[in-house]
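Student: Sharing a structure, written as structure tokens. Questions coming.
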Amino acid sequence: VQAQTLPQMHHPGFEAVVLSGMAFADAVQQAFAGNAETFGLVGLGWHVEFGSDVFEGVEGRESVLEGARMLSRTQRWHWGSCTKALSTTVVASLVDAGFFSSGWDTTLGDILPALSKDAADHNFAKVTLRHLAAHRSGICVDLAPEVEERLRVKVAASGMSFAEQRAAFARELAMSTLGCKPGEGFGYSNAGFALLSAAAEVAAKKPWEELVIERLVMPLGMTSFGFGVPPRDVASGGALGHNEDGEVDETEDLPWHHASFSVHSTFHDWALFARMHLRALRGDSSALKVVGVGASSAALLHTPVSPAFLGEMSRGPEKPMSMAMGWQCLWEEPSDGEHWLAERTGILYHFGTNFRFNAGMYLCAEPPLLMLVASNSGSSLAKLAGRLALEAVIGAGKVDE
């Protein structure tokens with residue numbers, strides 16, 4: 001089927017490619033371009049796959065600066081915390097390749113014995129890969145902003161490699177007391193994923209960035225992938241991030257967060273990753289074999305474990321929305337006081353931000369639906385706009401079905 005480029009309709013910055021399904025395309029356009037306009041976003045991009053139909057578009061500009069260009073469909077987008085699903089996939093490939101003595105139950109005491117011995121909390125050594133990947137390690141908070149800033153200044157002056165910087169971050173983190181015993185509570189934690197990547201590179205004896213490239217990016221054929229905020233230059237352009245107040249913010253992500261919320265790519269390459277997981281969600285047990293992940297680990301990645309008991313809440317601001325390993329599974333947030341248990345829903349999703357970009361990824365098994373949304377607005381309104389757009393397309397898909 002030949003791709004078509006829609007004419008510029010109500011929005012001068014709107015551009016979309018439709019492979020088929022014009023009626024559904026109208027709903028997609030209104031959902032994303034309409035919400036971008038309603039919430040005054042600098043820019044928004046989306047990629048939707050509904051059955052065999054593909055819809056992709058952009059709305060808005062690269063920045064608020066005078067003379068800024070319109071966004072391009074080849075824009076590289078920041079994944080935010082959708083990165084976590086990628087990171088757990090890489091760790092799963094290492095587990096299945098035998099890099100960890102006890103698989104997912106390998107402890108930090110096994111991998112990082114010296115660090116665990118000197119930790120402020122003796123339970124630190126009992127934290128497993130499984131705990132870290134599912135936000136049940138007891139590491140319920142990130143480093144205090146002043147501590148992280150002090151560490152940033154220190155490593156910037158030292159010339160440390162990324163791996164050395166992650167090790168320094170892990171040492172700082174080990175000086176904190178756990179919020180609960182490992183495995184006994186939920187606490188969403190970017191710091192936990194930084195520690196997960198530090199443990200992985202010690203076990204595999206390679207920097208995290210090399211592991212991601214070798215074990216996932218290259219097998220999937222992703223050509224636009226990178227770490228940190230999306231690149232930008234005068235010739236090819238590219239989106240700039242914007243903070244909560246709508247001002248340009250070119251701050252780079254700190255490298256120890258590469259596994260937590262700090263990668264980028266085009267929608268085309270991001271969809272290669274998402275499509276692989278959608279196949280697994282729909283029952284293809286060999287879907288992740290291309291990246292070295294077997295059926296057992298693939299199922300584990302998608303199995304929600306939090307909340308583990310009725311009434312379990314979060315140690316931190318994020319609720320345990322049927323959290324699996326890098327994915328959430330419960331789309332509709334329960335009312336205050338309502339109790340629920342983690343269970344499979346046929347849905348996987350995640351939202352995330354570095355407060356300069358926003359991103360979201362949504363997969364539904366039946367009817368098969370894949371959605372990616374990203375913005376160069378880091379505001380809370382940008383996240384809301386993305387969520388409302390996804391909800392509108394979900395509704396349109398049910399009507400169409």
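Student: Using 7 Å Cα-to-Cβ label points, what is the ARG152/GLU250 separation (nm, one decimal)?
Tutor: 1.6
Student: Among the lysines, select those whose C-alpha is under 21 Å from the C-alpha of LYS319, and discard any that sit fewer than 8 residues away in the same chain.
Tutor: By straight Cα distance, LYS319 reaches LYS84, LYS181, LYS383.
Student: Using only the Cα atoms of segment 283-334, build the gyration tensor, take square roots of its eigenvalues as a ≥ b ≥ c, and label the shape rounded, prolate or oblate: rounded if a/c is under 1.5, else prolate if a/b is larger than b/c, else oblate.
Tutor: Details: a/c = 2.82, a/b = 2.72, b/c = 1.04.
Because a/c hits 1.5 or more and a/b exceeds b/c, segment 283-334 counts as prolate.
Student: Give the aspartates and glutamates reachable from LYS205 as a straight Cα distance under 15 Å; neighbours fewer than 8 places away on the same chain don't count.
Tutor: Straight-line reach from LYS205, under 15 Å: ASP110, GLU164, GLU214.
Student: A further question follows. For segment 67-118, compute the orientation-averaged projected area of the C-alpha convex hull (one quarter of its surface), in nm². The partial results should precede the final answer.
Tutor: Working: hull surface 27.7 nm².
Seen from a random direction, the Cα hull of segment 67-118 projects 6.9 nm² on average.
Student: What accessible area per residue comes out for the chain, rounded to a whole number of Å², with a 1.4 Å probe? Before the final figure, lay out each step's value.
Tutor: Working: 16450 Å² over 401 residues.
I get 41 Å² per residue for the chain.
Student: In µm²/s, what is D for segment 170-277 at 10 °C and 1.306 mPa s, where D = kT/(6 pi eta Rh) by Stokes-Einstein and Rh is the Kirkwood radius from Cα pairs?
Tutor: Values: Rh = 16.3 Å.
My calculation gives 97 µm²/s for D.
Student: Rounded to the nearest 500, what is the chain's calculated 222 nm mean residue ellipticity when only DSSP H runs of at least 4 contribute -39500 (n - 2.57) each, over all residues?
Tutor: Details: 13 runs with 138 residues, N = 401.
It comes out at -10500 deg cm²/dmol, rounded to the nearest 500.
Student: Follow-up question, since we're still on this one. Could you compute how fast segment 91-186 diffuses translationally, taking Rh as the Kirkwood radius over C-alpha pairs and applying Stokes-Einstein at 25 °C with viscosity 0.890 mPa s? Give it in µm² per second.
Tutor: Numbers: Rh = 14.2 Å.
Once the numbers are plugged in, D ends up at 172 µm²/s.
Student: Another one. Give the separation of the Cα centroids, segment 291-356 to segment 168-214, in Å.
Tutor: Taking the Cα centre of segment 168-214 as reference, the centre of segment 291-356 is 19 Å away.
Student: Which value, in nm² and rounded to one decimal, describes the direction-averaged projected area of the C-alpha convex hull of segment 257-401?
Tutor: Working: hull surface 38.5 nm².
Value for segment 257-401: 9.6 nm².
Student: Can you tell me the length gained on complete extension of the stretch ARG69 to GLU333, counting 0.36 nm per residue apart and subtracting the Cα distance? Write out the running numbers ahead of the final one.
Tutor: On the way: separation 264, 0.36 × 264 = 95.04 nm, distance 3.75 nm.
The ARG69-GLU333 span can extend by a further 91.3 nm.
Student: Once the Cα atoms of helix 380-400 and of the chain are each reduced to a long axis, what angle between those two axes, in degrees from 0 to 90 to the nearest 10, is obtained?
Tutor: The two axes meet at around 60 degrees.
Student: For the chain, compute Rh as the Kirkwood radius over C-alpha pairs and then the Stokes-Einstein diffusion coefficient at 4 °C and 1.567 mPa s; write the answer in µm²/s, rounded to an integer. All intermediate terms of the calculation are to be shown ahead of the outcome.
Tutor: Numbers: Rh = 21.4 Å.
Rounded to a whole number, D works out at 60 µm²/s.
Student: Could I ask something else about it? How large are Rg and Dmax for segment 233-274 when only the alpha carbon atoms are used, in Å?
Tutor: 12.9, 33
Student: A follow-up question, please. For SER286 and ASP105, what is the calculated FRET efficiency with R₀ set at 35 Å and r taken between the beta-carbons, to the nearest 0.05? Numbers along the way, then the final one.
Tutor: Working: r = 24 Å, r/R0 = 0.70.
Computed FRET efficiency for SER286 and ASP105: 0.90.
Student: With θ set to phi - 60°, apply the Karplus curve 6.51 cos²θ - 1.76 cosθ + 1.60 along segment 363-377 and write out the HN-Hα couplings as whole Hz, x wherever there is a Gly or Pro.
Tutor: Going residue by residue, I get 10, 10, 5, 9, x, x, 9, 10, 9, 10, 9, 8, 9, 8, 9 Hz, with x marking Gly and Pro.
Student: Expressed as an acute angle from 0 to 90° and rounded to the nearest 10, what is the orientation of the C-alpha long axis of helix 190-204 relative to the principal long axis of the chain?
Tutor: Between helix and principal axis, roughly 70 degrees.
The values are calculated or read from the model by the stated rules, or taken from the named source; none is laboratory data. This structure is a prediction, so every number in the text was calculated from the model and none was measured. Glycine gets a Cβ as well: all are built from the backbone with ideal geometry, and neighbour counts include every protein chain shown. Surface areas here come from the heavy atoms of the whole protein model, side chains and all, with no ligands, DNA or RNA. Shrake-Rupley method; radii C 1.70, N 1.55, O 1.52, S 1.80 Å.
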